[in-house]
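Take a look at the following structure, please.
The values are calculated or read from the model by the stated rules, or taken from the named source; none is laboratory data. Nothing here was measured: the structure is a model prediction, and the numbers come from that model. Each accessible area value is taken on the protein alone, full model and side chains, heavy atoms only, with ligands, DNA and RNA left out. Shrake-Rupley method; radii C 1.70, N 1.55, O 1.52, S 1.80 Å.
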Amino acid sequence: QVQLVESGGGLVQPGGSLRLSCAASGSIASIVAMGWYRQAPGKQRELVAAIISGAITSYADSVKGRFTISRDNAKNTVYLQMNSLNPEDTAVYYCNVRDGSRYYWGQGTQVTVSS
């Protein structure tokens, strides 16, 4: 089993920044991909950003140029730097990790963008 611990959410004003972190621990075999999803009230969970094999990144169109995903392989940690936040970014953000053929989810962290 792999455990994921997320941190970094909170309340921020429009135009502000936040950095999310997700640390993986436990019986890690080989992490293939790490990513962030989000789910706003009344909406489906959507992929925000992913990093594959530690180098290939992918972003939702709505966050391109504003969000940056990165990974610290030594710490098995993935980060999401979020800049120029707007109210449409308000959601619960979930970390997702693919370890071998298994997928794991974090508990979610709330991000609220409001003045």
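Considering only protein heavy atoms, with the full assembly of protein chains and a 1.4 angstrom probe, order Val111, Val5, Val92 by accessible area, largest first.
The ordering from most to least exposed comes out as Val5, Val92, Val111.
Return the Rg/Rh ratio of the chain with Cα-based radii and a Kirkwood Rh.
0.96
When N counts the residues of the stretch 13-56, how does its alpha-carbon radius of gyration compare numerically with 2.2 N^0.38 Å, as a ratio?
Ratio of Rg to 2.2 N^0.38 Å for the stretch 13-56: 1.48.
Got a sec to turn the phi values of the stretch 24-32 into Karplus ³J(HN,Hα) couplings, 6.51 cos²θ - 1.76 cosθ + 1.60 with θ = phi - 60°, whole Hz, x for Gly and Pro?
9, 8, x, 7, 7, 8, 7, 6, 8
Give me the number: length gained by fully extending Glu46 to Asp61, i.e. 0.36 nm times residue separation minus the C-alpha to C-alpha distance, one decimal in nm.
Here the answer is 4.3 nm.
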